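The block underneath contains the structure these notes are about, expressed in structure tokens.
The values are calculated or read from the model by the stated rules, or taken from the named source; none is laboratory data. Predicted, not measured: the structure shown is a model, and the values here were computed from it. So basically every Cβ, Gly included, is an ideal-geometry build from the backbone, and we count neighbours across all protein chains shown. Protein only, heavy atoms only, side chains kept; ligands, DNA and RNA dropped before computing areas. Shrake-Rupley method; radii C 1.70, N 1.55, O 1.52, S 1.80 Å.
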Amino acid sequence: MATGQQWVLVEMVQAFYEAPAYHLILEGILILWIIRLLFSKTYKLHETYKLTEKEKEELIEEWQPEALVPPVSKDYPTLNYDVVTGPPSHKITINGKDCINFASFNFLGLLDNERVKQKALASLKKYGVGTCGPRGFYGTFDVHLELESRLSKFMKTEEAILYSYGFATIASAIPAYSKRGDIIFVDEAACFAIQKGLQASRSLIKYFKHNDMEDLERLLKEQELEDLKNPRKARVTRKFIVVEGLYINTADICPLPELVNGKQFSFLKNALSAYFQAVSSHQNKKNCFLQIDDIDLISANMENALASIGGFCCGRSFVIDHQRLSGQGYCFSASLPPMLAAAAIEALNIMEEDPDVFRVLRDKCKHVYNALQETPGLKLAGVPVAPALHLELERSSGSRESDMKQLRSVVDYCMERHVALTLARYLEKEERFLPPPSIRVVVTIEQTEEDIQKAVACIREAASALLIS
């Protein structure tokens with residue numbers, strides 16, 4: 001044993017002599033550094049200095065807190081409201097001026113409908129104003145169940161679920177299914193409610209160009225190649241496609257037949273509510289035999305065509321039932337006031353009794369679309385059947401603020417002549433893909449030929465006077 005230890009020691013000494021000089025110097029420095037670290041103090045005590053009372057007071061007087069929010073000019077557009085008095089129906093009173101309404105999403109004119117108001121009033125007397133509880137905590141009323149049943153039949157799906165706030169509907173539905181690690185393919189023109197749902201899901205988001213099915217196909221093929229590299233991960237990764245049926249920000253329609261052919265699991269968000277049902281049926285007859293079940297989940301709101309509040313999702317029963325346990329807006333928000341549910345039921349009754357209203361509205365949309373073509377200084381964005389069109393500047397100044405002021409001057413000019421229009425508003429710092437500034441022109445079934453001619457003439461006159469130099 002001793003002989004073996006001596007032999008090892010001899011080898012170490014021999015290696016020491018044979019080692020290069022730079023190697024020995026480096027090892028020596030490292031040894032000295034280790035010894036220094038072992039025997040040096042880990043920290044040095046700094047002498048503390050106590051401030052006098054006078055010095056404390058001086059520091060407090062000198063301190064200036066940072067602003068909680070950045071300074072905003074008092075003439076900032078969103079801080080100056082146009083105040084409405086009375087119902088925003090066919091005629092609307094804005095800032096004390098009576099105008100023809102081309103601004104409110106009252107497409108079918110049901111907001112001031114006498115039958116709808118009477119049903120809401122009867123429900124108010126029976127149930128009271130609100131519910132004071134979510135659906136799972138004594139917030140489920142019989143009218144909620146009736147409305148869900150009616151909506152599912154109207155949309156030709158197995159089941160529907162109600163939400164008390166339109167914005168929260170899709171923003172709650174997306175994270176109820178898609179979680180961290182899942183993948184969502186979404187159109188870059190998706191509205192802000194969808195963007196909030198994507199953010200809440202914490203999923204991997206892949207945007208494709210607006211209505212560009214070739215770009216979507218490219219992303220899907222790239223994902224297939226990634227899945228082949230890691231098939232174990234691919235088996236547990238869910239994939240979703242999220243689009244809007246009728247895009248609120250661009251006023252055009254999603255090419256559903258092309259989308260459904262290569263879908264993974266699709267969400268359809270319909271910001272403009274029940275009107276899309278009629279439009280999509282018309283488009284489907286032209287393009288293919290697209291079935292409603294080809295879409296896994298449809299989300300829509302009741303705040304426009306149904307002239308109520310809230311939203312709903314519809315689809316297969318097992319898909320919808322999952323939201324009753326996982327949809328945050330459903331589980332934690334007070335349920336829809338019964339009077340608004342009753343109003344929505346009566347609105348559905350009117351729509352089903354007279355389905356011709358959709359054809360009338362579609363014809364008026366086409367008429368307004370054609371009439372607004374070649375407006376001087378403005379370009380029209382949207383499709384002929386869209387009930388909410390966008391008028392954008394033909395030539396941008398390069399400054400969004402300046403463009404907004406120009407468009408606002410057109411809106412004010414029209415309002416002075418009793419035609420109510422509105423600027424499209426966005427949270428500029430929050431939008432993923434910020435749409436260009438635009439004037440929104442809303443078409444409703446109540447607008448007469450005379451109203452449309454007056455509005456179109458007023459817009460053209462304003463554009464010629466204010467935009468053409």
Restricting attention to the range 300-323, and to residues there that are within 17 Å of residue 159 (Cβ to Cβ) and of a type in the set (Gly, Ala, Ser), which single residue is surrounded by the fewest Cβ atoms within 10 Å (Cβ to Cβ)?
-> 317
List every residue pair whose Cβ atoms sit under 8 Å apart, with the two residues 6 or more apart in sequence or on different chains, where the first one lies in the range 178-198 and is farther than 12 Å from residue 244 by Cα and of a type in the set (Ser, Thr, Tyr) and the second, anywhere, is modelled with pLDDT under 95 and assigned to a helix (DSSP H, G or I).
-> 178/201
If residue 434 passes every condition in (1) farther than 21 Å from residue 88 by Cα; (2) in contact (Cβ under 8 Å) with a residue 60 or more places away in the chain but one, which one does it miss?
-> (2)
How many of the residues in the range 382-401 are over 20 Å from residue 420 (Cβ atoms) and touching a residue at least 12 places away in the same chain (Cβ under 8 Å)?
-> 8
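Would you please name the residue that is farthest from residue 126 (Cα to Cα), looking only at residues in the range 149-178 that are of a type outside the set (Ser, Thr, Tyr), assigned to a helix (DSSP H, G or I) and open to solvent by 10 Å² or more (accessible area, probe 1.4 Å)?
Here is the first cut: in the range 149-178, the ones of a type outside the set (Ser, Thr, Tyr) are 150-151, 153-156, 158-162, 166-168, 170-171, 173-176.
Still in the running and assigned to a helix (DSSP H, G or I): 150-151, 153-154, 166-168, 170-171, 173-176.
Subsequent filtering for residues that are open to solvent by 10 Å² or more (accessible area, probe 1.4 Å) retains 150, 153-154, 167-168, 171, 175.
On the way: 150: 21, 153: 26, 154: 26, 167: 28, 168: 27, 171: 32, 175: 36 Å.
The qualifying residue farthest from residue 126 (Cα to Cα) is 175.
Given the structure, is residue 363 among the charged types (D, E, K, R), exposed (fewer than 15 other Cβ atoms within 10 Å of the Cβ) and within 26 Å of the chain's Cα centre (by Cα)? Before the answer, list the steps.
Working: among the charged types (D, E, K, R): yes; exposed (fewer than 15 other Cβ atoms within 10 Å of the Cβ): yes; within 26 Å of the chain's Cα centre (by Cα): no.
Spelling it out, it is not the case that residue 363 is among the charged types (D, E, K, R), exposed (fewer than 15 other Cβ atoms within 10 Å of the Cβ) and within 26 Å of the chain's Cα centre (by Cα).
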Go through (1) hydroxyl-bearing (Ser, Thr, Tyr); (2) over 21 Å from residue 104 (Cβ atoms); (3) in a helix (DSSP H, G or I) one by one and return the number of the condition residue 375 breaks.
-> (3)
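Pick from 343, 334: which is part of a helix (DSSP H, G or I), in the same structural domain as residue 251 (by the TED database) and under 17 Å from residue 308 (Cα atoms)?
Details: 334 fails: part of a helix (DSSP H, G or I).
Just one listed residue meets the conditions, 343.
Here is a yes/no grid of residues against (1) surrounded by 13 or more Cβ atoms within 10 Å (Cβ to Cβ); (2) at positive phi; (3) modelled with pLDDT under 90; (4) in a loop (DSSP other than H, G, I, E, B):
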residue	(1), (2), (3), (4)
59	no, no, yes, no
71	no, no, yes, yes
78	no, no, yes, no
81	no, no, yes, yes
89	yes, no, yes, yes
104	yes, no, no, yes
109	yes, yes, no, yes
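Every residue in the range 370-411 that is among the charged types (D, E, K, R) and at positive phi, please. I'd like the intermediate steps shown before the answer.
First, the residues of the range 370-411 that are among the charged types (D, E, K, R): 374, 379, 392, 394-395, 400-401, 403, 405, 408.
374 - this is the single residue of the range 370-411 that is among the charged types (D, E, K, R) and at positive phi.
I need the full set of residues from the range 421-469 which are part of a loop (DSSP other than H, G, I, E, B) and open to solvent by 70 Å² or more (accessible area, probe 1.4 Å), in order please.
Within the range 421-469, the first condition is being part of a loop (DSSP other than H, G, I, E, B), and the residues that meet it are 421, 424-438, 443-448, 467-469.
Across the range 421-469, the qualifying residues are 425, 427, 428, 429, 430, 432, 433, 468, 469.
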Just name the residue that is most open to solvent (accessible area, probe 1.4 Å) out of those in the range 402-420 that are free of Cβ contacts under 8 Å to residues at least 12 places away in the same chain and not acidic (Asp, Glu).
-> 405
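Before we move on, is residue 137 under 27 Å from the mean Cα position of the chain (by Cα) and assigned to a loop (DSSP other than H, G, I, E, B)?
No; evaluated as a whole, the condition is false for this residue.
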With the first residue restricted to the range 338-363 and required to be under 12 Å from residue 143 (Cβ atoms) and of a type in the set (Phe, Trp, Tyr), and the second required to be open to solvent by less than 40 Å² (accessible area, probe 1.4 Å) and part of a helix (DSSP H, G or I), Cβ contacts under 7 Å at 6 or more apart or on different chains are none
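Conditions tested, residue by residue: (1) out of contact with any strand residue (DSSP E or B) (no Cβ under 7 Å at 6 or more places or on another chain); (2) more than 17 Å from residue 299 (Cα to Cα); (3) modelled with pLDDT of 95 or more; (4) in the same structural domain as residue 295 (by the TED database).
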position	(1), (2), (3), (4)
127	yes, yes, no, yes
139	yes, yes, no, yes
149	yes, no, yes, yes
153	yes, no, no, yes
167	yes, no, no, yes
180	yes, yes, no, yes
184	no, no, no, yes
187	no, no, no, yes
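For the range 118-134, how many residues meet the condition of being part of a helix (DSSP H, G or I) and either of a type outside the set (A, V, I, L, M, F, W, C) or without any contact (Cβ under 8 Å) to a residue 40 or more places away in the chain (or both)?
Narrowing the range 118-134 to residues part of a helix (DSSP H, G or I): 118-127.
Filter again for either of a type outside the set (A, V, I, L, M, F, W, C) or without any contact (Cβ under 8 Å) to a residue 40 or more places away in the chain (or both), leaving 118-119, 123, 125-127.
Within the range 118-134, residues that are part of a helix (DSSP H, G or I) and either of a type outside the set (A, V, I, L, M, F, W, C) or without any contact (Cβ under 8 Å) to a residue 40 or more places away in the chain (or both) number 6.
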